[in-house]
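K.L.:
Please read through the structure below; I'll follow up with questions.
The values are calculated or read from the model by the stated rules, or taken from the named source; none is laboratory data. It should be emphasised that the depicted structure is a prediction, and the values quoted were computed from it without experimental measurement. In this analysis, Cβ positions are derived from the backbone assuming ideal geometry, glycine residues included, and neighbour counts consider all displayed protein chains. Side chains included, ligands, DNA and RNA excluded: accessible areas come from the protein's heavy atoms. Shrake-Rupley method; radii C 1.70, N 1.55, O 1.52, S 1.80 Å.
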Amino acid sequence: MSFADDLTTMFGTPFGVSATSGGVTADGILDQPTSVVAGDQVLYVDYVFHCKNASFGTLKAGDSITVDGTAYTVRTNEAGLDGLTREISLQKT
(Lines give C-alpha, C1' and ligand atoms only; values in the text may rest on other atoms or scores of the structure.)
Protein backbone atom coordinates (compact mmCIF):
# COMPACT_ATOMS: atom_id res chain seq x y z
CA MET A 1 0.00 0.00 0.00
CA SER A 2 1.36 3.42 -0.93
CA PHE A 3 1.40 6.59 1.12
CA ALA A 4 -1.25 8.06 -1.19
CA ASP A 5 -3.60 5.19 -0.31
CA ASP A 6 -3.29 5.97 3.40
CA LEU A 7 -4.16 9.70 3.22
CA THR A 8 -7.86 9.21 3.94
CA THR A 9 -7.01 7.16 7.03
CA MET A 10 -4.31 9.58 8.14
CA PHE A 11 -6.52 12.68 7.93
CA GLY A 12 -9.72 10.96 9.15
CA THR A 13 -10.91 9.68 12.52
CA PRO A 14 -9.57 9.79 15.20
CA PHE A 15 -6.98 12.44 14.33
CA GLY A 16 -8.73 14.59 11.75
CA VAL A 17 -11.37 17.28 11.92
CA SER A 18 -13.81 18.42 9.26
CA ALA A 19 -13.18 21.56 7.19
CA THR A 20 -15.37 23.38 4.67
CA SER A 21 -14.53 26.03 2.10
CA GLY A 22 -16.90 26.90 -0.72
CA GLY A 23 -18.62 23.69 -1.71
CA VAL A 24 -15.82 21.40 -0.52
CA THR A 25 -15.84 19.53 2.79
CA ALA A 26 -12.90 17.30 3.73
CA ASP A 27 -10.96 16.05 6.73
CA GLY A 28 -7.52 17.16 7.85
CA ILE A 29 -5.35 17.72 10.90
CA LEU A 30 -5.30 21.11 12.63
CA ASP A 31 -2.06 22.07 14.39
CA GLN A 32 -2.50 24.96 16.76
CA PRO A 33 -0.90 27.42 17.27
CA THR A 34 2.42 28.15 15.62
CA SER A 35 4.18 31.41 16.56
CA VAL A 36 6.21 33.31 14.00
CA VAL A 37 8.94 35.18 15.84
CA ALA A 38 11.44 37.82 14.66
CA GLY A 39 14.03 38.55 17.31
CA ASP A 40 12.15 39.04 20.56
CA GLN A 41 8.79 39.90 18.94
CA VAL A 42 5.94 37.56 18.03
CA LEU A 43 4.75 38.75 14.61
CA TYR A 44 1.66 36.58 14.47
CA VAL A 45 0.27 33.26 15.64
CA ASP A 46 -0.88 30.86 12.96
CA TYR A 47 -2.74 27.61 12.86
CA VAL A 48 -1.74 25.02 10.25
CA PHE A 49 -4.25 22.72 8.58
CA HIS A 50 -2.81 19.60 6.91
CA CYS A 51 -5.00 17.98 4.28
CA LYS A 52 -5.05 16.25 0.90
CA ASN A 53 -3.88 18.33 -2.04
CA ALA A 54 -7.01 17.28 -3.93
CA SER A 55 -9.26 18.73 -1.21
CA PHE A 56 -8.03 22.31 -0.77
CA GLY A 57 -5.13 22.72 -3.20
CA THR A 58 -6.68 25.78 -4.85
CA LEU A 59 -7.24 27.92 -1.74
CA LYS A 60 -5.31 31.18 -1.77
CA ALA A 61 -4.45 33.93 0.72
CA GLY A 62 -7.58 35.72 1.91
CA ASP A 63 -9.96 32.80 1.25
CA SER A 64 -12.26 31.66 4.04
CA ILE A 65 -12.37 28.17 5.54
CA THR A 66 -14.20 26.72 8.53
CA VAL A 67 -12.25 24.08 10.45
CA ASP A 68 -13.92 22.11 13.24
CA GLY A 69 -16.63 24.79 13.48
CA THR A 70 -14.25 27.78 13.72
CA ALA A 71 -13.85 30.39 10.96
CA TYR A 72 -10.35 31.08 9.61
CA THR A 73 -8.72 33.12 6.86
CA VAL A 74 -6.06 31.49 4.69
CA ARG A 75 -2.62 33.13 5.01
CA THR A 76 -0.65 30.72 2.80
CA ASN A 77 -1.29 27.39 1.08
CA GLU A 78 1.81 25.34 0.35
CA ALA A 79 2.30 21.88 -1.10
CA GLY A 80 3.76 19.27 1.22
CA LEU A 81 7.07 17.65 0.33
CA ASP A 82 5.27 14.65 -1.15
CA GLY A 83 3.06 16.71 -3.49
CA LEU A 84 0.00 14.85 -2.19
CA THR A 85 -0.70 17.02 0.84
CA ARG A 86 -1.15 20.72 1.65
CA GLU A 87 -0.01 22.82 4.62
CA ILE A 88 -2.46 25.69 4.91
CA SER A 89 -1.49 28.49 7.29
CA LEU A 90 -4.60 29.97 8.91
CA GLN A 91 -5.53 32.97 11.01
CA LYS A 92 -8.68 33.04 13.15
CA THR A 93 -11.28 35.36 11.67
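K.L.:
Output ³J(HN,Hα) for the range 81-93: one whole-Hz value per residue in order, computed from phi by the Karplus curve 6.51 cos²θ - 1.76 cosθ + 1.60 with θ = phi - 60°, and x for Gly and Pro.
P.N.:
Here the 3J(HN,Hα) series is 4, 7, x, 9, 10, 10, 10, 9, 7, 10, 10, 4, 8 Hz.
K.L.:
Now a separate question. What value, in deg cm²/dmol to 500, does the helix sum -39500 (n - 2.57) over DSSP H runs of n ≥ 4 give at 222 nm once divided by the residues of the chain?
P.N.:
Values: 2 runs with 9 residues, N = 93.
Calculated mean residue ellipticity at 222 nm is -1500 deg cm²/dmol.
K.L.:
Taking every eigenvalue of the Cα gyration tensor of the range 28-93, multiplying by 5 and rooting it, what semi-axes result, largest first, whole Å? All intermediate terms of the calculation are to be shown ahead of the outcome.
P.N.:
Numbers: eigenvalues 82, 40, 21 Å².
Semi-axes (√(5λ), whole Å): 20, 14, 10.
K.L.:
Tell me, what is the percent relative contact order of the chain, built from C-alpha pairs under 8 Å that lie six or more residues apart?
P.N.:
Working: 186 pairs, mean separation 21.9, N = 93.
That works out to 24 percent.
K.L.:
Heavy atoms only, probe 1.4 Å: what % of the accessible area of the chain goes to carbon and sulfur, would you let me know? Before the final figure, lay out each step's value.
P.N.:
Numbers: 2890 of 5600 Å².
Of all accessible area on the chain, carbon and sulfur atoms account for 52 percent.
K.L.:
Per residue, how much accessible area does the range 1-62 have with a 1.4 Å probe, in Å²?
P.N.:
Numbers: 3930 Å² over 62 residues.
Result: 63 Å² per residue.
K.L.:
Still on this structure, please answer the following. Run the quick spin-label model on Leu84 and Val17: label points 7 Å from Cα toward the beta carbon, then report their separation in nm to one decimal.
P.N.:
Each label point is offset 7 Å from its Cα along the Cβ direction, giving 2.5 nm.
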